[in-house]
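Undergrad: One structure coming up, written as C-alpha cells, with questions to follow.
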Amino acid sequence: MVTTHGKQTPERIVLHDTECGELTGVGDIVGVAMYWQRQGKGLGAHFIIDGEGNLGQGASSQRITWAVKGHNTRSIHIELIGYARWRAPRWLRNKRQLSKLCNLLAYLSDRWGIPLIHSTDYGVCMHRDFKGTGADHTDPGAGFPFDKVLRRAQIRQRRHRKKLLRKK
C-alpha cells in the first residue's frame, strides 16, 4: 500500500521529471505509481502529468510525500513524464502536458495562496533548485522551459480571476 507521511499546509510547488519515457494512454502514470508501491517508501509526488496531458493524483496536497530530501514538508510535488536531458524544443512538443501543468499551477496557486514566482521557499521551483542542500537531482533539467511555463500559468491565473470577477 502506498502511503504519505503526515499532514501539511503547502507553501511551495516543486517540479520534477520521472526519467522515464511516454506510453500511450495512462500507462506511464500507472507505471510510476507502481514503482512507488514496489519501493515501499511511500508516494513520491502529489501529481503526475504525462505527455498527452493526462493527470494522475497520488495524494492530497495536504499530505507529505517523499520527493526532495529535506524539503518535503510544505511542498506540493508534480512529476512530469520525461527526462532531465531534454532540451526546451523537446519539452515544448508536449503542448498538452505543459498546458495541463500551467492550469494545475494556477489552480494550486489560488487554492493554497502560493505565489507563481520562482522561489524554493514560497513559490514554484524545480527539484534541481535544491542543490547543495542534500538533494542531488538535476530534474527537470536545464532545458526545461521553466520561465515560459511560469509566465503561462500567471496568464491563465489572471484570465480565470477576471472571469470570476465578471460573474459577480
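Undergrad: Pop a pseudo-label 7 angstrom from the Cα along the beta-carbon direction at both ALA142 and GLU19 and give the gap in nm to one decimal.
TA: Label-label distance for ALA142 and GLU19, simple model: 1.8 nm.
Undergrad: Once the other residues with Cβ under 10 Å from the Cβ of ASP50 are scored (Lys, Arg +1; Asp, Glu -1), what is the net sum? Write down the numbers at each step before the final one.
TA: Values: positive: ARG96, LYS100; negative: GLU22, ASP28, GLU52, GLU79.
In short, -2.
Undergrad: Go through region 20-28 residue by residue and turn each phi into a ³J(HN,Hα) via Karplus (6.51, -1.76, 1.60, θ = phi - 60°); whole Hz please, and just put x for glycine and proline.
TA: Using θ = phi - 60°, the values come out as 9, x, 8, 10, 5, x, 9, x, 5 Hz.
Undergrad: Efficiency by 1/(1 + (r/R0)^6): what FRET value for ARG38 and ARG74, r their Cβ-Cβ distance, R0 = 22 Å, to the nearest 0.05? Each step should come with its number before you reach the end.
TA: Numbers: r = 27 Å, r/R0 = 1.25.
Given R0 = 22 Å and the Cβ-Cβ separation, E is 0.20.
Undergrad: So what's the net charge close to ILE64: Lys and Arg +1, Asp and Glu -1, counting the other residues with Cβ under 9 Å from its Cβ?
TA: +3
Undergrad: What net charge do the residues around SER75 carry, taking every other residue with its C-beta under 12 Å from that of SER75, with Lys and Arg at +1 and Asp and Glu at -1?
TA: That sum, taken over residues with Cβ under 12 Å, equals +1.
Undergrad: For THR120 and LEU55, compute 0.36 nm times the residue count separating them, minus their Cα-Cα distance, and round to one decimal in nm.
TA: Answer, rounded to one decimal: 21.0 nm.
Undergrad: Considering Cα pairs under 8 angstrom that are at least six residues apart, work out the relative contact order of the chain and quote it in whole percent.
TA: Relative contact order comes out at 27 percent.
Undergrad: Pick from GLN62, GLN157, GLN39 the residue whose mean-square fluctuation is largest in a GNM of the chain, springs joining Cα atoms under 10 Å.
TA: Comparing GLN62, GLN157, GLN39 in the GNM, the peak value goes to GLN39.
Undergrad: Here's a follow-up. Roughly how big is region 12-167's charge dipole about its Cα centre, with Cβ charges of +1 (Lys, Arg) and -1 (Asp, Glu), in debye to the nearest 20?
TA: For region 12-167, the charge dipole is close to 960 debye.
Undergrad: Additional query: Calculate for the chain the 222 nm mean residue ellipticity that helices alone would give, adding -39,500 (n - 2.57) per DSSP H run of length 4 or more and normalising by residue count, nearest 500 deg cm²/dmol.
TA: Calculated mean residue ellipticity at 222 nm is -11000 deg cm²/dmol.
Undergrad: Beyond 26 Å, what share of the Cα-Cα pairs of region 12-167 remains, rounded to the nearest whole percent?
TA: 21
Undergrad: With unit charges on the beta carbons (Lys and Arg positive, Asp and Glu negative) and the dipole taken about the Cα centre of the chain, which residue among GLN154, ILE29, GLN57 sits farthest to the positive side?
TA: Among GLN154, ILE29, GLN57, the one farthest towards the positive end of the dipole of the chain is GLN154.
Undergrad: Return the distance in nm (one decimal) between the two label points of a simple spin-label model at ARG161 and HIS5, each offset 7 Å from Cα along Cα→Cβ.
TA: Placing both labels 7 Å beyond Cα along the Cβ direction yields 3.3 nm.
Readers should treat all values here as calculations from the given coordinates under stated rules, not as data from a laboratory. Here the structure is a predicted model, which means the values were calculated and not measured. Note: ideal-geometry Cβ built from the backbone for every residue, glycine included; neighbour counts use all protein chains shown.
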